1. Can you tell me how many residues in the stretch B:1-29 are free of Cβ contacts under 8 Å to residues at least 40 places away in the same chain and not in a helix (DSSP H, G or I)?
2. Within the stretch C:120-135, does at least one residue satisfy the condition of being in contact with a Phe, Trp or Tyr (Cβ under 8 Å, 6 or more places away or on another chain), surrounded by fewer than 20 Cβ atoms within 10 Å (Cβ to Cβ) and assigned by TED's automatic domain parsing to the domain that holds residue C:248?
3. Spot the failing condition for residue A:219; the list is (1) over 22 Å from the mean Cα position of the chain (by Cα); (2) within 16 Å of residue A:129 (Cα to Cα); (3) of a type in the set (A, V, I, L, M, F, W, C), and only one is missed.
4. Any idea which residue in the stretch A:102-140 is farthest from residue A:324 (Cα to Cα), counting only those that are assigned to a helix (DSSP H, G or I) and of a type in the set (Ser, Thr, Tyr)?
5. I'm trying to understand the selection: among the residues of the stretch D:53-107, which are small (Gly, Ala, Ser), buried (at least 18 other Cβ atoms within 10 Å of the Cβ) and more than 30 Å from residue D:209 (Cβ to Cβ)?
6. Among the residues of the stretch C:30-42, is there at least one that is free of Cβ contacts under 8 Å to residues at least 12 places away in the same chain, crowded, with 18+ Cβ neighbours inside 10 Å, within 14 Å of chain A (Cβ to nearest Cβ) and not small (Gly, Ala, Ser)?
7. Restricting the first residue to the stretch B:242-261 and requiring it to be over 12 Å from residue B:292 (Cα atoms) and assigned by TED's automatic domain parsing to the domain that holds residue B:157, which pairs with a second residue that is of a type in the set (Gly, Ala, Ser) and at pLDDT below 95 meet a Cβ separation below 9 Å and a spacing of at least six or different chains?
8. Count, please, the residues in the stretch C:254-290 that happen to be among the β-branched types (Val, Ile, Thr), more than 16 Å from the chain's Cα centre (by Cα) and not in a loop (DSSP other than H, G, I, E, B).
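The values are calculated or read from the model by the stated rules, or taken from the named source; none is laboratory data. The model shown is predicted, which means the values in this text are computed figures rather than measured ones. Using ideal geometry, Cβ is built from the backbone for each residue, glycine included, and neighbour counts are taken over all protein chains shown.
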Protein chains: 4
Amino acid sequence: MKVSIIGVTGYSGLELLRYLKQHPFVEVSSIHSHSVNKKTLEEIIPHLKQLISLPLEKIDPDDIMRKSELVFLATPSGISKEIAIPFIEADFPVIDLSGDFRLKEVGEYNTWYGADAASIESIQKFDYGLAEYREKPQAKWIANPGCYATAAELSLAPLLKENRLILDSIVIDAKSGVSGAGKGLSQTTHFSETHDNMSLYKMNRHQHIPEIVQQLKKWAPALSAIQFSTSLIPVTRGIFLTAYAKLKEPISDEKLVQIYQTHFEKKPFIRIQEVGHYPVLKQVIGSNYCDIGLAYNPKMNMITIVTVIDNLGKGAAGQAIQNLNIYAGFDEQCGLELLPIYP
Amino acid sequence: MKVSIIGVTGYSGLELLRYLKQHPFVEVSSIHSHSVNKKTLEEIIPHLKQLISLPLEKIDPDDIMRKSELVFLATPSGISKEIAIPFIEADFPVIDLSGDFRLKEVGEYNTWYGADAASIESIQKFDYGLAEYREKPQAKWIANPGCYATAAELSLAPLLKENRLILDSIVIDAKSGVSGAGKGLSQTTHFSETHDNMSLYKMNRHQHIPEIVQQLKKWAPALSAIQFSTSLIPVTRGIFLTAYAKLKEPISDEKLVQIYQTHFEKKPFIRIQEVGHYPVLKQVIGSNYCDIGLAYNPKMNMITIVTVIDNLGKGAAGQAIQNLNIYAGFDEQCGLELLPIYP
Amino acid sequence: MKVSIIGVTGYSGLELLRYLKQHPFVEVSSIHSHSVNKKTLEEIIPHLKQLISLPLEKIDPDDIMRKSELVFLATPSGISKEIAIPFIEADFPVIDLSGDFRLKEVGEYNTWYGADAASIESIQKFDYGLAEYREKPQAKWIANPGCYATAAELSLAPLLKENRLILDSIVIDAKSGVSGAGKGLSQTTHFSETHDNMSLYKMNRHQHIPEIVQQLKKWAPALSAIQFSTSLIPVTRGIFLTAYAKLKEPISDEKLVQIYQTHFEKKPFIRIQEVGHYPVLKQVIGSNYCDIGLAYNPKMNMITIVTVIDNLGKGAAGQAIQNLNIYAGFDEQCGLELLPIYP
Amino acid sequence: MKVSIIGVTGYSGLELLRYLKQHPFVEVSSIHSHSVNKKTLEEIIPHLKQLISLPLEKIDPDDIMRKSELVFLATPSGISKEIAIPFIEADFPVIDLSGDFRLKEVGEYNTWYGADAASIESIQKFDYGLAEYREKPQAKWIANPGCYATAAELSLAPLLKENRLILDSIVIDAKSGVSGAGKGLSQTTHFSETHDNMSLYKMNRHQHIPEIVQQLKKWAPALSAIQFSTSLIPVTRGIFLTAYAKLKEPISDEKLVQIYQTHFEKKPFIRIQEVGHYPVLKQVIGSNYCDIGLAYNPKMNMITIVTVIDNLGKGAAGQAIQNLNIYAGFDEQCGLELLPIYP
């Protein structure tokens, strides 16, 4: 199968390349950038020197559709919605890593992204690509979830689906590595300001909030809001998410872990930690794994869920490839069998 | 005023030295270690080369009491309770930075520290040294609070005292720099394991939990438990604490900030951020400041409190000196007027 | 081909596992530890959860030789020389990652490692495994080079072989990430001491010095010594090596780069940077690449060589697999085609 | 004594504020920015909240000269040369932290800074502010040295003055923390690119090279060039400089250390490490100290000098205040007696 990547010079685009290099059934047939005007990738991306022979091309949809069978859009929110149009019109498969096709409710995109949404028709064509819970696995158009959203949704799915949580008690304290902010320069990502530092940003207004609520509602329609915070930690990659919620009935640690183990039994990328064990961020870096640890606090009748993913892996490129595998009918793990890099 | 420091080679002990070097009314007359067998500090602490002329001495309580008017115990929990005995018996002032004299309820120390507590009589002599809320400011014996406890208690004090919180809804997600674990070697503090990583530790069993609950109960006697997590972030210094709680009545961001500003108006080390602003960890490093930012989320009727301190400053040595100032009748800011170090 | 790994719980052992997972022709048939007493790897190595089904075994040479065709010793210097004996005696292939079989001259090991060397007979059986310059590619016993040594030797080979350097002018300033010190706990690898810090260690007495000199002498017999320093930088992985030397005759940047490009033309893991470009450390992390940049300073008639490798890749496990490929007659790049991880 | 600071929002400007807060004889009477358009510092510099009551003003030379007795220019190279003019013309004292008044030879500034120099007349008015070797201590105009230059010059002074070095053998491999690049945004200072990374930049063309050579020539007129490299390490603050040079005659470690100890005997900020000890970067951070360790390698007849400074301390603001003290006749250590911050 032949694919193209638009937005290949960004961190998610580069990570798509890294995974696809290992994919037994997929070949990258062209790479594109909407912002960089160079002839080859290695001029600006030294770690790829001598490793990628493809030229870096402008975006010509017709040409891409001739060369490939599917296109990844690793472009930022706001850009994807424009770039996607000719592909959708031509009935050509797209996996979009931006936020442009995720929010189904009219007005939500505008509220949270501060810009006009893509057309309703195009948005409705996209299936939300939370790989373990795909609604239309054969969809030609996939809106790959946000990194925070992936971690948050996987953390809460089993308990929401079993109706065990007091819905207005959910608090999620999520922390992200700096690569989540992309390559763009800002004071927030300046080394001297970020190193040895931590900060909370977009208080109560992170654009992944409506995406998470939209998905959680599918499992618990009575849910109306969550408390969700996003902080920046001085690591390059990774989401470390801690979720708290009150239970309707008391439970034990053992039962809690067992619910998750059973729920995710056939999901190879979700690894539930044993009772009393909690994942560290590094144990998933460079991979598509999502590791989850669980604890019950009887004094508060509250659970704590610790979830880690690589924001560029399960939080972006890894899940996008998992979605490609689902679409194409490959084994879900194809191209994603790299061990995490440790230490 | 002359003081001695026991445990001077640990991170808190060294930080006491750093602040006291600036103190206009205090002179360090002797320094001691219970574990290091060297003649001078600079043999093991290169940054102090040529700066500390005092010899590094064994612990001889009689000698210390002859030379000094007060002793700081910058020794670990479990050690302080032994070292303190002769000083208490001799009616000699002690500021202890360990957890050995903080928990007033019989059995609590044993439950959370896994060892026998100091004698009830000695524990009751100690005033809990949360400097902004001292009960017996003239006490000769001061149990300096834990770093997490300081941040947690200062975060919640105004709203608990005003009875605005739903008490069983408090969730605290606290993150600490690695110096909080001290100088002791462990896999958890090994660079290759900790760098670019994050982990949650002591799930539901951190020894600061009972200390915090004990203090919060003074302000809200009906409170029985909190949800409290501690994570390790890859920075050297600092506590970044995010607290969440439901309110009895809705509020606005403006009102929330105003409550805190009014409450801490006369407290020079507590700096309340303006509406819409949240402190970053680095803005207090090297200082005794505790900076607090606040937000209200109407969808959840929940507040978020972001609080930062230097774990070795307001969380240890800084507050210990603030307590010394209170005890000795000096201005509270003496010796603590260093600007934070930034970047 | 079936192989066993002894010392699998160390950083180099784990990296062997990571690469071999991708190797098309090699299967790991058993894994062993000389120090850890657990039944499975995932009990102590969380990132491998569910990924390695092999049990963690004691070291039984007979059993290993039954199961495998070659054994990797990823054990520390001092340990390998004992563990290797039964394999050598049984004429069974060994790739040793320690320093125990590298120094050919009697007495050198004792001088630099401070312990007795392996027997002369055993040492002489080992071929020095600098993969681009193997002397006996078919050797059954391979002494894989040190990480610093690999970077230093590859940096200087072309100019020494062409007899262009003033031999007593070579200065190498090498910096290493902390994983080079292994998993062992020490103050030097304690996060709070190492983070935001840099230090020079083993001044003029690093054990890679005699190894480098031994190899350089093969190319320039008149060489008798080099200036070689090793510093620790606050990164997890990587060697960043800067070498300086005076030239016998002036040269241009262009000519210099061309000499290296020609010299390494057929060596896929050595990537010579273009004129005016110098590698950054991160561009090789997670891979077996060795990237080299070059500059000539006419005012000093001196060259600067900037060389980067991943100390666990080309500096250990990566090169060990490259040596396995050479021994077994596989393509040199088998199992080593992972892209570097970036950022 | 009253002083003003222009460029107070940059890292050096902020560090001037931090030190001057402690200075017993100096008061900051006004603060200015050439680029920021805010009314107070704390709007953009959160760590100074409630600590600096001065307004942030535009640059009005007449007003500054009315309010103050001396002005610090903590402005970048290229800006200082313009801002300084009215002060010089008015015979008003200036300490400039930029490179604009350091290079005395016509044409050098243009060659290395790629821009027109200040007027020859103005440059000649400035004394080069290497505090331990001031030529005109009473000068009203002081060109504070560069951070690298300070470390390099102090490293070599004793041996050059004693004529012990082979002059064309000097190799300096200097590493800098990222704050040395200032607050400006660039890919080089982007966290995701810099963290866990190291890079060599400005190969053979760093603008501190001519400054160093100019100063070294004063001590060794026959010297014509040095080999000087600058690398970026992932720490916020600090210069870690390793210098190598051949000696005319062999020496011992003991003699070497003794030469330095004697030479710097009366220089409180230069701390020579004992034989066999080498400074770590962190031991000077937050201070004006310059720590030097020394070793002799008889096999190469070469010395290694390891020198550490805080680039914002002895490399900028600290030394600027030391120069102020010299100018004003205060004790050299006034305001600079803060202990380094450790860990």
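1. Qualifying residue count for the region: 4.
2. no
3. (1)
4. Quick first cut of the stretch A:102-140, residues assigned to a helix (DSSP H, G or I) only: A:108-113, A:120-125, A:131-133.
Next, only the ones that are of a type in the set (Ser, Thr, Tyr) stay: A:109, A:111, A:113, A:122, A:133.
Details: A:109: 25, A:111: 30, A:113: 26, A:122: 19, A:133: 14 Å.
Filtering first and then ranking leaves A:111.
5. Taking the stretch D:53-107 first, the residues small (Gly, Ala, Ser) are D:53, D:68, D:74, D:77-78, D:80, D:84, D:90, D:98-99, D:107.
Those still in the list that are buried (at least 18 other Cβ atoms within 10 Å of the Cβ) too: D:68, D:74, D:77, D:80, D:84, D:98-99.
Within the stretch D:53-107, just D:68 meets the criteria.
6. The first filter runs over the stretch C:30-42 and keeps only residues free of Cβ contacts under 8 Å to residues at least 12 places away in the same chain, leaving C:37, C:42.
From the residues that got through so far, the ones that are crowded, with 18+ Cβ neighbours inside 10 Å too are C:42.
Going one step further and asking which of them are within 14 Å of chain A (Cβ to nearest Cβ), we end up with C:42.
If we keep only those that are not small (Gly, Ala, Ser) too, we end up with C:42.
Yes, there is a match, as at least one residue in the stretch C:30-42 is free of Cβ contacts under 8 Å to residues at least 12 places away in the same chain, crowded, with 18+ Cβ neighbours inside 10 Å, within 14 Å of chain A (Cβ to nearest Cβ) and not small (Gly, Ala, Ser).
7. Final answer for the pair search is none.
8. First, pick out the residues of the stretch C:254-290 that are among the β-branched types (Val, Ile, Thr): C:257, C:259, C:262, C:270, C:272, C:275, C:280, C:284-285.
Filter once more, so that each one left must be more than 16 Å from the chain's Cα centre (by Cα): C:257, C:259, C:262, C:272, C:275, C:280.
Next, only the ones that are not in a loop (DSSP other than H, G, I, E, B) stay: C:257, C:259, C:262, C:272.
Qualifying residue count, the stretch C:254-290: 4.
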